[in-house]
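S.K.: Quick one: structure below, then a few questions.
The values are calculated or read from the model by the stated rules, or taken from the named source; none is laboratory data. In this text the structure is predicted, and so the values were computed from the model without any measurement. We place every Cβ from the backbone using ideal geometry, glycine too, and count neighbours over all the protein chains shown.
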């Protein structure tokens, strides 16, 4: 069943239809928020709050074909508010805990597996929340620039600019990381 059909059913009072939408998007939402917050507990709180908000306000959604963008807009704004309220960019937790946690989506485990991806993940974590968000939405959720612009509430040009800046920052920090590794290896010889 398509999202727009489920949304109409929810707007007519069907809780079962909402459960179906929840099941459809919960893993993607959890993965996205984990990549933004680096905390399983924070991402669970944010995802739960976003689903509650979407359920309470689904009657306000006029274009039912846009549920996914609308929901992710709620999700990311909830995350930004949560991070701002807690005045933190979320601490990094032990990655090993998550490798053994069967509740996390398997694609997250794949991202964490290789050493190269660990370094990249670390560098993504060091980006500010606005740059990190567009990187996660674009590369991990495979959303278009237009969809990201709707979600974060800015112009497409702003999204493109943030992506370009994030790529530059990542490229520069990865080059610096490589230089540090080369220097370390030379000292070890």
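S.K.: With the requirement that a residue be surrounded by fewer than 17 Cβ atoms within 10 Å (Cβ to Cβ) and in a helix (DSSP H, G or I), what does the range 1-19 give you?
M.R.: Step one: of the range 1-19, the residues surrounded by fewer than 17 Cβ atoms within 10 Å (Cβ to Cβ) are 1-2, 4-5, 8, 11-16, 19.
Passing the criteria: 4, 5, 8, 11, 15, 16, 19.
S.K.: Here's something else I'd like to know. Checking the condition surrounded by 14 or more Cβ atoms within 10 Å (Cβ to Cβ), modelled with pLDDT under 90, in a helix (DSSP H, G or I) and touching a helix residue (DSSP H, G or I) at 6+ places or on another chain (Cβ under 7 Å), which residue from 46, 74, 36, 58 passes?
M.R.: Numbers: 46 fails: modelled with pLDDT under 90; 74 fails: modelled with pLDDT under 90; 58 fails: modelled with pLDDT under 90.
36 is the lone residue from the list that is surrounded by 14 or more Cβ atoms within 10 Å (Cβ to Cβ), modelled with pLDDT under 90, in a helix (DSSP H, G or I) and touching a helix residue (DSSP H, G or I) at 6+ places or on another chain (Cβ under 7 Å).
S.K.: Pairs needed: first member in the range 148-167, at positive phi and surrounded by fewer than 19 Cβ atoms within 10 Å (Cβ to Cβ); second member anywhere, in a helix (DSSP H, G or I) and modelled with pLDDT of 90 or more; C-beta distance under 7 Å; at least 6 residues apart or different chains.
M.R.: Once the first residue is at positive phi and surrounded by fewer than 19 Cβ atoms within 10 Å (Cβ to Cβ) and sits in the range 148-167, its partners that are in a helix (DSSP H, G or I) and modelled with pLDDT of 90 or more give 153/73.
S.K.: Here's something else I'd like to know. When you look at residue 137, is it in a helix (DSSP H, G or I), out of contact with any strand residue (DSSP E or B) (no Cβ under 9 Å at 6 or more places or on another chain) and within 13 Å of residue 69 (Cα to Cα), yes or no?
M.R.: Details: in a helix (DSSP H, G or I): yes; out of contact with any strand residue (DSSP E or B) (no Cβ under 9 Å at 6 or more places or on another chain): yes; within 13 Å of residue 69 (Cα to Cα): yes.
So residue 137 passes the test.
S.K.: Return the pair list, or none, for Cβ contacts closer than 6 Å from residues in the range 64-76 that are under 9 Å from residue 50 (Cβ atoms) to residues that are crowded, with 18+ Cβ neighbours inside 10 Å and modelled with pLDDT of 90 or more, at least 6 apart or on different chains.
M.R.: 71/54; 74/50; 74/54; 75/29; 75/50
S.K.: Read through the list (1) at pLDDT 50 or above; (2) closer than 25 Å to residue 67 by Cβ, then give the number of the only condition that residue 176 fails.
M.R.: Of the numbered conditions (1) at pLDDT 50 or above; (2) closer than 25 Å to residue 67 by Cβ, the odd one out for residue 176 is (2).
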